[in-house]
């Protein structure tokens, strides 16, 4: 098993996407990229700790590659908006790849370069690529949030459309039994 760490906005939204990928064993919401130890959700959402809401993904590289995870990452959020994803605004929602080793760094930089050159986006990509220094797991109530709170308005109006689109685009990469 290997690990990947990405931040692409609210971790409730991104967790719901990555949980459904075949080869992904675990998705853990948390915080990284900041300047204080053991931050809380309240501290991170204040925008003053420097942390981003991120996911730490444990995956089987024999089933899904890091390149495929990068593809899902960049296609399921807007990497051109600085410190923002939809209505979520602040540095904690920035687009960021936190690499675990030099190979991940090289792959992320290459993917970003190719994506930028492709003209897929009208605006420049602002995704940051940095080494992972420390990952702090989020509080337990954030775990599996969409699947346990799907009835709440934020889940219905923000997360569900993102998950539905993801399921259509990446139908060939979903875990067996995932509702399509």
Notebook entry, point to check: Is there any pair linking a residue in the stretch 157-171 that is under 15 Å from residue 15 (Cβ atoms) to one that is assigned to a helix (DSSP H, G or I), with Cβ under 6 Å and at least six apart or on different chains, and which?
Noted result: 159/13; 159/16; 159/146; 162/13; 163/16; 166/17
Check: Given the structure, is residue 25 under 17 Å from residue 95 (Cα atoms) and in contact with a strand residue (DSSP E or B) (Cβ under 9 Å, 6 or more places away or on another chain)?
Finding: no
Next item on the list: Kindly establish whether residue 19 is surrounded by fewer than 17 Cβ atoms within 10 Å (Cβ to Cβ) and touching a strand residue (DSSP E or B) at 6+ places or on another chain (Cβ under 9 Å).
Entry: no
Note to self: Just checking, does the stretch 24-35 include any residue being at pLDDT 95 or above and in a helix (DSSP H, G or I)?
What the structure shows: no
Next item on the list: Identify the single condition in (1) in a loop (DSSP other than H, G, I, E, B); (2) touching a strand residue (DSSP E or B) at 6+ places or on another chain (Cβ under 8 Å) that residue 47 does not satisfy, given that it satisfies every other one.
Entry: (2)
Check: List pairs: first in the stretch 1-27 and at positive phi, second modelled with pLDDT under 95 and assigned to a strand (DSSP E or B), Cβ under 7 Å, 6+ apart or cross-chain?
Finding: 9/85; 9/88
Next item on the list: Select from the stretch 46-86 the residues that are closer than 28 Å to residue 140 by Cβ, modelled with pLDDT under 95 and surrounded by 20 or more Cβ atoms within 10 Å (Cβ to Cβ) and write down the one among them that is farthest from the chain's Cα centre (by Cα).
Entry: 85
Next item on the list: Collect the residues in the stretch 87-102 that are over 11 Å from the mean Cα position of the chain (by Cα), over 20 Å from residue 161 (Cα atoms) and in contact (Cβ under 8 Å) with a residue 12 or more places away in the chain, keeping them in residue-number order.
Entry: 90, 91, 92, 99, 100
Margin query: Being surrounded by fewer than 16 Cβ atoms within 10 Å (Cβ to Cβ) and either touching a strand residue (DSSP E or B) at 6+ places or on another chain (Cβ under 7 Å) or in a loop (DSSP other than H, G, I, E, B) (or both) is the filter here; which residues of the stretch 100-122 pass it?
Written below: 101, 109, 119, 120, 121, 122
Margin query: As an exercise: evaluate residue 179 against (1) in contact with a helix residue (DSSP H, G or I) (Cβ under 9 Å, 6 or more places away or on another chain); (2) surrounded by 15 or more Cβ atoms within 10 Å (Cβ to Cβ); (3) outside any strand (DSSP E or B) and give the number of the one condition it does not meet.
Written below: (2)
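The values are calculated or read from the model by the stated rules, or taken from the named source; none is laboratory data. Small disclaimer: the values here were computed from a predicted structure and weren't measured. Methodologically, a virtual Cβ is constructed for each residue, glycine included, from the backbone with ideal geometry; neighbour enumeration extends over all protein chains shown.
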